[in-house]
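A short write-up of the structure that comes next.
The values are calculated or read from the model by the stated rules, or taken from the named source; none is laboratory data. Keep in mind the model is a prediction, meaning the values are calculated, not measured. In this analysis, Cβ positions are derived from the backbone assuming ideal geometry, glycine residues included, and neighbour counts consider all displayed protein chains.
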Ligand SMILES: Nc1ncnc2c1ncn2[C@@H]1O[C@H](COP(=O)(O)OP(=O)(O)O)[C@@H](O)[C@H]1O
Ligand SMILES: [Mg+2]
């Protein structure tokens, strides 16, 4: 059965896109899972990381949400086992019309229902807010993976995430399982990284992934070559960390 997982945090720069992209590639390339990555962030960063020319899209997630195209028609095949539904900034222009549609919270869920039997994993890369796009992503998912950067503001943002997930659970009556909380951008030279990591472990205990993603230049560089970190720096710490995350996600 297909697992649909939103990669969500209302803070930007925490590694949502980096995680969605490398997790999608790892699940497909190492574990032979059939993966669809849905990019529902108007920045289009996960689409661009796979080398999709985001300024020349004929169809994209916007057309799905506006019910102008079937999701199948927007899918771009990257390679064996990896498909992407792309987005770009034009999606942002349609936030208000999409927010006015009846059943606006369920547009993506309904679209995904028509293709989920083709995939083992559907990963959804969310924008850094709790607007109509993130709500669609969370309502279409059974699970949420929460990357948290190891900074003071990263820790502070956790209250807002809990509130957002409460809204989905109570107001919208959708139970969401937390796949895991992922510590990202760890810099062992700094006390703040160590302290925030400890605080996350104390708060989330077994919800924390044991994998910690390090701050690592190879992770940052990989999208500029349209390759995941495993290909860019096969034996490096970034590749090892994301491979270990792939195994943990599979086992949860
Ligand atoms: N572990 C990491 N090490 C180094 N740079 C990172 C790491 N994770 C993310 N980045 C970089 O930080 C920036 C923001 O990351 P991104 O994944 O786009 O965050 P988000 O999607 O949460 O906004 C990008 O330039 C990305 O390459
Ligand atoms: Mg992003």
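Yes/no matrix, rows are residues, columns are (1) more than 9 Å from ligand 2 (Cβ to nearest atom); (2) more than 18 Å from residue 176 (Cβ to Cβ); (3) touching a helix residue (DSSP H, G or I) at 6+ places or on another chain (Cβ under 6 Å); (4) modelled with pLDDT under 95:
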site	(1), (2), (3), (4)
3	yes, no, no, no
15	no, yes, no, no
24	yes, yes, no, no
41	no, yes, no, no
(message) If residue 181 satisfies all but one of (1) touching a strand residue (DSSP E or B) at 6+ places or on another chain (Cβ under 7 Å); (2) part of a helix (DSSP H, G or I), what's the number of the condition it fails?
(response) (2)
(message) Among the residues of region 144-157, are any free of Cβ contacts under 8 Å to residues at least 12 places away in the same chain and under 30 Å from residue 198 (Cα atoms)?
(response) yes
(message) If I ask for residues that are more than 8 Å from ligand 1 (Cβ to nearest atom) and part of a helix (DSSP H, G or I), which ones from region 1-45 would you list?
(response) 22, 23, 24, 25, 26, 27, 28, 29
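Just for region 96-130: of the residues that are within 16 Å of ligand 2 (Cβ to nearest atom) and in contact with a helix residue (DSSP H, G or I) (Cβ under 8 Å, 6 or more places away or on another chain), which one is farthest from residue 75 (Cα to Cα)?
First, the residues of region 96-130 that are within 16 Å of ligand 2 (Cβ to nearest atom): 123-130.
Adding the requirement that they be in contact with a helix residue (DSSP H, G or I) (Cβ under 8 Å, 6 or more places away or on another chain) leaves 123-128, 130.
On the way: 123: 13, 124: 13, 125: 15, 126: 17, 127: 19, 128: 23, 130: 25 Å.
Ranking the qualifying residues of region 96-130, first place goes to 130.
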(request) Taking the residues in region 207-239 that are touching a strand residue (DSSP E or B) at 6+ places or on another chain (Cβ under 9 Å) and part of a helix (DSSP H, G or I) as candidates, determine which candidate is nearest to residue 79 (Cα to Cα). (result) 219
(message) So residue 88 passes all but one of these: (1) touching a strand residue (DSSP E or B) at 6+ places or on another chain (Cβ under 6 Å); (2) within 16 Å of ligand 2 (Cβ to nearest atom); (3) in a loop (DSSP other than H, G, I, E, B). Which condition number does it fail?
(response) (1)
(message) Cβ contacts < 9 Å: first residue in contact (Cβ under 8 Å) with a residue 24 or more places away in the chain, restricted to region 69-82; second residue surrounded by fewer than 17 Cβ atoms within 10 Å (Cβ to Cβ) and assigned to a helix (DSSP H, G or I), any location; separation 6+ or different chain. Result?
(response) 72/118
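Scan region 194-212 residue by residue and report those that are surrounded by 17 or more Cβ atoms within 10 Å (Cβ to Cβ) and over 19 Å from the mean Cα position of the chain (by Cα). Full working, then the answer.
Going residue by residue through region 194-212, those that are surrounded by 17 or more Cβ atoms within 10 Å (Cβ to Cβ) are 196-197, 200, 204, 208-209, 211-212.
Passing the criteria: 196, 197, 200, 204.
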(request) Just name the residue that is surrounded by the fewest Cβ atoms within 10 Å (Cβ to Cβ) out of those in region 213-247 that are touching a residue at least 40 places away in the same chain (Cβ under 8 Å) and under 20 Å from residue 144 (Cα atoms). (result) 243
(message) Tell me the residue from 113, 137 that is in contact (Cβ under 8 Å) with a residue 12 or more places away in the chain and at negative phi, please.
(response) 137
